[in-house]
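The values are calculated or read from the model by the stated rules, or taken from the named source; none is laboratory data. Note that this is a predicted model, so its numbers are computed, not measured. We place every Cβ from the backbone using ideal geometry, glycine too, and count neighbours over all the protein chains shown. Quick note on the areas: whole protein, heavy atoms, side chains included, nothing else; ligands and nucleic acids left out. Shrake-Rupley method; radii C 1.70, N 1.55, O 1.52, S 1.80 Å.
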Number of protein chains: 2
Amino acid sequence: MSGWVVIAGLGPGAEAMITPEATAAIDAATDVVGYIPYVRRISPRAGLTLHESDNRVELERAAHALEMASEGRRVVVVSSGDPGVFAMASAVFEAVEAGPPPWRDLDIRVLPGITAMLAASAAAGAPLGHDFCCINLSDNLKPWALIEKRLRLAAAADFAMAFYNPRSKSRPEGFAKALAILRECCAPERVIIFARAVSTSEQAVRVTALAEATPEMADMRTMVIVGSSLTRVIAREGAPIVYTPRSVEA
Amino acid sequence: MSGWVVIAGLGPGAEAMITPEATAAIDAATDVVGYIPYVRRISPRAGLTLHESDNRVELERAAHALEMASEGRRVVVVSSGDPGVFAMASAVFEAVEAGPPPWRDLDIRVLPGITAMLAASAAAGAPLGHDFCCINLSDNLKPWALIEKRLRLAAAADFAMAFYNPRSKSRPEGFAKALAILRECCAPERVIIFARAVSTSEQAVRVTALAEATPEMADMRTMVIVGSSLTRVIAREGAPIVYTPRSVEA
């Protein structure tokens, strides 16, 4: 049997958000590779080898998956969320491009998943219901100046904004700087959502105004969504509903 | 039993991309409402009433769902893709805000789905693997000047861009104007992907350069993705792989 690589998204955490096609790929695999907490979401079974690796070794993990597929194995690379959004798909294709030519002709497929911003948006209402952008706030792999430029242009465009990796342990100051930039560009009442561990038993969604937001409201498990200038909050007895209307008046 | 409204995303077309939680909600429903082609994706069964409605009556459909839930019915509003991305969730919350106060305290949940840009990105490789934005090119509900402004600022930010509704029958000229703006702002070799009917039997993905793109390459079933300046194409025997690397050099 010829080998393949499937890069599959496991969604934000809940089993009920994993697509049937991702489940089917895992059921057909001989090997699953990925970052430790994601591989631990896969049930062991006879005939399946689980390969856990640490964070920040994405290229080595990708090359390992491609090597195994070259040898005829059926390999699933697991990501949380969607593999194409700040996850493993780009790392696999970087490894393909840098690797031996036969890797290009391997059977490689990406299976989309529920990325964190969609789950966070759904938990809060529909803050991404109009035009928006999606920015990784980590400056591990890009200069901070580019993040700052994109924040200012996104505010000028009046996009809603979804932020991945708002605050890492190693660089906690980045999110404080991002909030300061947003306060220069947006009104103090601009809606901001902190959605932590969405779809898990620890889910916590906090809705506040930009003026009231503090860096400590985000951690590594938090998705931050900033509304556009038109984003609205519907107050009610339970958690408020946040949504961005479909229309913009001329 | 008390009523509820679930706004569920059915993904881009393939049954295997519908999340188990969306399927479970449909299985528990007494009523499903939605645009005709989406409701036709639901299997009829005893105890379930299917309510099909036409396009452009989103607010009436939302109000109908909320009314039925007020009367104790269990209602699923179906969207294609993700209900929070240019789909029914914002329409339901607009109806809640404009409607009678008791609607605010109804049990209303949004279940995320695989939105078209994630499926299109996966079919092409990983073009959305770095910062990106997402713009609805239809000017039905917003002025064209705002679309133009957002396109120019997104190009200045060097975002990859995902375009929903690139070309409608009633307003075919919008996408030609968008291409002209992008040609002013981006190099001629900028990668552009036309992903039609992704995940269905009619799926067709075309990868070309901005200089070669024509308005006729998109129709109402096409998702258009424009790469950032760093997006790469890996040529190979089969369809090329398009991806955006994770890193930007300082």
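Odds and ends about this structure:
- Screening the candidates B:Phe86, B:Phe132, B:Phe93 for the property of being of a type outside the set (Val, Ile, Thr), open to solvent by 10 Å² or more (accessible area, probe 1.4 Å) and within 19 Å of the chain's Cα centre (by Cα) yields one hit, B:Phe86.
- Answer from B:Thr208, B:Thr222, B:Thr200 - the residue that is open to solvent by less than 50 Å² (accessible area, probe 1.4 Å), away from chain A (no Cβ under 12 Å) and free of Cβ contacts under 8 Å to residues at least 40 places away in the same chain: B:Thr208
- Every condition in (1) surrounded by 21 or more Cβ atoms within 10 Å (Cβ to Cβ); (2) touching a Phe, Trp or Tyr at 6+ places or on another chain (Cβ under 8 Å); (3) of a type in the set (Ser, Thr, Tyr); (4) under 25 Å from A:Thr19 (Cβ atoms) is met by B:Tyr164 except one, and the failing one is (1).
- Residue in the stretch B:206-228 that is under 17 Å from A:Gly84 (Cα atoms) and not aliphatic (A, V, I, L, M) present: yes
- Boolean, B:Leu146 is in the same structural domain as B:Ala25 (by TED's automatic domain parsing), open to solvent by 10 Å² or more (accessible area, probe 1.4 Å), at pLDDT 95 or above and aliphatic (A, V, I, L, M): no
- Selected residue [charged (D, E, K, R), under 23 Å from A:Tyr164 (Cα atoms) and free of Cβ contacts under 8 Å to residues at least 24 places away in the same chain] from A:Asp54, A:Asp105: A:Asp54
- Subset of the stretch A:1-52 [farther than 21 Å from A:Ser70 by Cβ, among the small types (Gly, Ala, Ser) and open to solvent by less than 60 Å² (accessible area, probe 1.4 Å)]: A:Gly9, A:Gly11, A:Gly13, A:Ala14, A:Ala16, A:Ala22, A:Ala24
- Scanning the stretch A:106-126 for residues that are more than 8 Å from chain B (Cβ to nearest Cβ) and either buried (at least 24 other Cβ atoms within 10 Å of the Cβ) or part of a loop (DSSP other than H, G, I, E, B) (or both) yields A:Leu106, A:Ala116, A:Met117, A:Ala120, A:Ala124.
- Test result for B:Val57, under 19 Å from the mean Cα position of the chain (by Cα) and loosely packed, with under 15 Cβ neighbours inside 10 Å: yes
- Note on the stretch B:225-243: among residues that are within 9 Å of another protein chain (Cβ to nearest Cβ) and closer than 21 Å to B:Ser199 by Cβ, the one that is surrounded by the most Cβ atoms within 10 Å (Cβ to Cβ) is B:Tyr243.
- Matching residues, the stretch A:131-144, being more than 7 Å from chain B (Cβ to nearest Cβ) and assigned to a loop (DSSP other than H, G, I, E, B): A:Leu137, A:Ser138, A:Asp139, A:Asn140
- Among the candidates A:Ala154, A:Ala176, the residue that is more than 9 Å from chain B (Cβ to nearest Cβ) and small (Gly, Ala, Ser) is uniquely A:Ala176.
- Scanning the stretch B:59-85 for residues that are charged (D, E, K, R) and touching a strand residue (DSSP E or B) at 6+ places or on another chain (Cβ under 8 Å) yields B:Glu60, B:Arg61, B:Arg73, B:Arg74, B:Asp82.
- Where strands (runs of 3 or more DSSP E) sit wholly within the stretch B:1-86, those with at least 2 residues that are more than 29 Å from B:Ser168 (Cα to Cα) occupy B:4-9, B:74-79.
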